[in-house]
Amino acid sequence: MPTLPPKKEIFLTGLWKDNPVLRQILGICSTLAVTNLMVNTLVMDVGLIFTVCMSSLTVSLLRRYTPMRIRMMVQTLIIASYVIIVDIMIRAYLPDISEALGPYVALIITNCIIMGRCEAFARHNPPVASFIDGLGMSLGYSLVLIAIAFIREPLGFGSLLGFRVMPESFVQWTVMIMAPGAFFTLGIMVWILKYFRPQKGEEKG
Amino acid sequence: MEYINPMTLFFAAIFTNNILLTNFLGLCPFLSMSRQKKSALGMGAAVVFVMASTTALNNLVHYKILVPLGLEHFRFIVFIVVIAAFVQLVEMTVERFFPSLYFVLGIFLPLITVNCAIFGASLFMVIRRYDFVQSLAYGAGSGIGWMLAIIAISAIREKLQKTAKLPRGLEGPAITLIITGLLALAFLAFSGMIRVQ
């Protein structure tokens with residue numbers, strides 16, 4: 001068994017060095033869909049953090065008992081069970097936001113970050129390390145979502161968390177709350193990051 | 001909610017409510033598979049077929065099995081399993097009876113299970129309460145819309161690769177996202193045509 005890097009290292013890798021959204025370009029479907037309002041973003045983040053941590057933990061605990069051939073199916077079922085819990089909780093306590101998020105809560109199941117972490121990390125490593133890895137990755141994901149919402153909501157609605165932050169004379173950029181604005185924001189963020197910190201093994205595209 | 005003609009729904013799903021450009025679904029395979037036109041075409045064709053079939057199938061499963069039994073809470077798990085099983089079945093059938101087709105589509109089929117657009121289409125179908133015919137039209141339309149977008153992007157990327165000199169850091173995913181944004185902007189021009197949600 002290879003030696004594990006220290007816990008802090010695992011945490012920071014997910015949070016920043018290998019940030020799932022900006023570095024690995026994973027799980028961006030929901031990244032773009034929920035970031036037009038900060039409130040939706042925060043709820044989505046909490047749901048995702050819970051799901052990633054718990055499924056990494058569960059997959060890691062079951063890693064010795066899961067047959068190799070059906071592990072994908074097992075992982076999907078574990079993830080889906082946690083997402084159902086999140087969905088029921090959000091529907092019970094925050095019905096308005098549940099309405100606004102629509103199918104995107106359920107789409108956490110097919111969010112590649114979770115599956116990716118289970119495949120790449122949790123199924124070879126002990127539970128505590130897996131949990132921390134999940135926490136780092138999901139916090140990294142959340143930070144990017146919050147950053148995008150922080151750009152889109154003020155420009156698109158002139159508000160932040162529902163409070164007005166832009167001056168009255170500010171003309172709202174409607175395009176920012178629609179699909180193209182989301183693509184532009186994320187594209188530019190990825191560009192800026194890659195400009196300052198080029199990746200090893202650069203791909204051409 | 002008023003009844004929407006399936007034909008209207010079909011065209012709305014392609015143009016005004018394109019599942020990729022307005023709902024952001026299926027972006028992961030979209031970014032990774034759009035490097036070449038040929039693979040984009042294969043992936044797109046596989047998505048059209050699977051999305052139309054699974055959306056209709058999940059509609060039957062939801063209204064004929066889950067609702068009567070009061071098991072709606074489990075629909076996420078059931079949908080995922082239906083999609084995975086269907087893809088597996090199609091893969092085996094195609095491999096057995098149409099080897100030449102398998103050669104073209106084969107490698108794309110397993111990837112489809114994790115394509116969130118497929119799962120998303122089933123979820124939208126439940127939220128918007130489509131009946132069977134509407135689901136079929138919506139699934140087929142969404143699939144074609146997704147295919148249209150990935151083919152357009154892959155053609156642009158192929159050209160870019162040959163001719164453009166991009167600034168540092170912009171190559172790869174960044175420029176693809178920005179081009180997709182422009183494409184989404186172009187598709188907004190259709191939005192006055194039909195109004196579905």
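The values are calculated or read from the model by the stated rules, or taken from the named source; none is laboratory data. Note that this is a predicted model, so its numbers are computed, not measured. In this analysis, Cβ positions are derived from the backbone assuming ideal geometry, glycine residues included, and neighbour counts consider all displayed protein chains.
Key figures
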{"item": "Test: residue in the range A:57-76 that is within 14 Å of chain B (Cβ to nearest Cβ), modelled with pLDDT of 90 or more and part of a helix (DSSP H, G or I)", "result": "no"}
{"item": "Flag for B:PRO99 being loosely packed, with under 15 Cβ neighbours inside 10 Å and over 19 Å from A:GLY27 (Cα atoms)", "result": "yes"}
{"item": "Test result for B:VAL114, under 30 Å from B:GLN161 (Cα atoms) and not in a helix (DSSP H, G or I)", "result": "yes"}
{"item": "Identity of the residue in the range A:175-196, farther than 17 Å from B:LEU185 by Cα and within 20 Å of the chain's Cα centre (by Cα), that ends up surrounded by the fewest Cβ atoms within 10 Å (Cβ to Cβ)", "result": "A:ILE192"}
{"item": "Matching residues, the range A:20-46, being within 13 Å of chain B (Cβ to nearest Cβ) and farther than 26 Å from A:GLN172 by Cβ", "result": "A:PRO20, A:LEU22, A:ARG23, A:GLN24, A:ILE25, A:LEU26, A:GLY27"}
{"item": "From A:GLN172, A:GLN199, residue being modelled with pLDDT under 85, over 14 Å from the mean Cα position of the chain (by Cα) and within 14 Å of chain B (Cβ to nearest Cβ)", "result": "A:GLN199"}
{"item": "Within the range A:145-180, tally of residues that are of a type outside the set (Phe, Trp, Tyr) and not in a helix (DSSP H, G or I)", "result": "14"}
{"item": "Test set (1) at pLDDT 90 or above; (2) away from chain B (no Cβ under 13 Å) - A:THR51 fails condition number", "result": "(2)"}
